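The values are calculated or read from the model by the stated rules, or taken from the named source; none is laboratory data. All values derive from a computational prediction rather than experimental measurement. As a convention, Cβ positions derive from the backbone with ideal geometry for all residues, glycine included, and neighbour counts pool all protein chains shown. Only protein heavy atoms, including side chains, enter the accessible area calculation; ligands, DNA and RNA are left aside. Shrake-Rupley method; radii C 1.70, N 1.55, O 1.52, S 1.80 Å.
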Amino acid sequence: MSDTADDVMGVITQQIEARFQMPLADLRRAVAAAPHANNDATVVVKWYGMLAEAQAVLEKAEDALVAALDSAPGDVLDDPVMALAHQVNTAVAVRDGRAMVVRHYTDPNSPGRRGPGAWRGAAAASRRSPALQTAPVPTVPVRGALR
């Protein structure tokens, strides 16, 4: 694992441990033993696992790109090397997205997590009336229209 990866994963691990007041390994065991006891813990452990997988994929893609760059002749990058670069970019995006989800669930003040009623979701939105009053469009006869 690169130093940057260690830093990212280390910071997120610290956030999880601070949020749940226990080491990550203990939290994983607790979630495995009673997955329905704390939904936030279950979700965080799930997403942290997916984050770790994404980090491993990223490291593998980076290693493949570095190897290809080391063996590439000259300064011109061919299509296979560019494809590896795109794989790295995609892996970074996936890793960063998963890290954002973990951070969201570890922060009790993040949007949508500020107590009951802060975010009601689609179910509540579907029960509300439209923001603007609407009326059916009146039918207007059109001159010269075919009947």
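How many residues does the stretch 53-104 contain that are among the charged types (D, E, K, R) and outside any helix (DSSP H, G or I)?
2
Among the candidates A72, A54, A41, which residue alone is without any contact (Cβ under 8 Å) to a residue 60 or more places away in the chain and either of a type in the set (V, I, T) or under 14 Å from I16 (Cα atoms) (or both)?
A41
Looking at D79, is it open to solvent by 60 Å² or more (accessible area, probe 1.4 Å) and either at pLDDT below 95 or among the hydroxyl-bearing types (S, T, Y) (or both)?
yes
Answer yes or no as to whether A41 is surrounded by 13 or more Cβ atoms within 10 Å (Cβ to Cβ) and over 20 Å from the mean Cα position of the chain (by Cα).
When the stated conditions are applied, A41 does not pass them.
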